[in-house]
1. Could you tell me which numbered condition Lys132 fails, if it satisfies all but one of (1) surrounded by fewer than 16 Cβ atoms within 10 Å (Cβ to Cβ); (2) among the basic types (Lys, Arg); (3) at pLDDT below 90?
2. When the residues of the range 3-51 are filtered to those that are under 24 Å from Glu141 (Cα atoms) and touching a Ser or Thr at 6+ places or on another chain (Cβ under 9 Å), which remaining residue is surrounded by the fewest Cβ atoms within 10 Å (Cβ to Cβ)?
3. Is it fair to say Thr191 is at pLDDT 90 or above and either of a type outside the set (Asp, Glu) or more than 21 Å from Leu135 (Cα to Cα) (or both)?
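The values are calculated or read from the model by the stated rules, or taken from the named source; none is laboratory data. The model shown is predicted, which means the values in this text are computed figures rather than measured ones. Heads up, the Cβs are rebuilt from the backbone with ideal geometry, glycines too, and the neighbour counts pull from every protein chain shown.
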Amino acid sequence: MKIDRLIGILSILLQKDKVTARELADKFEVSRRTILRDVDALGMAGIPIISEPGQGGGISVMEGYKVDRTVLSSEDMKAILTGLQSLDSVSGSNRYRRLMEKISIDGSAAVNADNHIIIDLSNWGKSAVSDKIELIKAAMERNVKIAFNYFSPQGESRRMIEPYHLVFQWSSWYVWGYCAKREDYRLFKLTRMTELTLTDEKICGRIVPEYICDRMQHPPGEVEAEVKFDDSVKWRIIDEFGADFVKYDENGNIIVTFTWSDIPALYRYILSFGDKAEIVSPVEYRRDFARFLKKMQKKYER
């Protein structure tokens, strides 16, 4: 819809000092002529758009301008402000609040009593990752690599990566990029990072593949196991993997085939269900898990 595109164009113009019509056309997958018409429409709506032709030119919004709320319907404005506020809730910064101040005279419209939708995507460790988010964003803007200590089930290691995407996924922040140690693309959880620094090493020009969000996707070395769950934990399986993931055996038990990153991680996940989960196959995992449980039992029998 045109209104959606106008909102998108306005958002980009408020976040960037200058952008070309070609960049906007590529972003919204329309012709350059359509973008120019949209820019004219924004101008006719009272938004002071500046167009500079030639090399080094581009489209921008006059510095210090605030959009009159009558430009958009009240419902559209509420949706925009609420969405922008939700981004602040996960980043731990006021970056989007400042953007709201640019596009609305009254930024409090996002949280007033008439708005019944509040989006808070933050987690308990928000303060622990906000500085990392800003540093990684700075690295991507400067096109340089980042280095950090990383803690995983395999132990602690020093990593250097080319950061390409900050990802808020599964209620946590991650950075996705090319890892020099693994010579492949990896997803790193920000809360597992320490000693995060920007380097002076520039990111080399490489063809970056599309990032695919897939919870069940794991690096080489993954393990597969069939697990039986009591029907009482059906809610959790649906919550974490979706209703289509639930399959039943002839006795009415939930049967799930997991592909997990490694055996210790799989065991930890099974333990989180207490006695409501049981490894069915392969047999060697079942036996190994039984030995693991016996070792835990001995600790409590001492």
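1. Single failed check for Lys132: (1).
2. So, considering only residues that are under 24 Å from Glu141 (Cα atoms) and touching a Ser or Thr at 6+ places or on another chain (Cβ under 9 Å), the one surrounded by the fewest Cβ atoms within 10 Å (Cβ to Cβ) is Asp17.
3. On the way: at pLDDT 90 or above: no; either of a type outside the set (Asp, Glu) or more than 21 Å from Leu135 (Cα to Cα) (or both): yes.
When the stated conditions are applied, Thr191 does not pass them.
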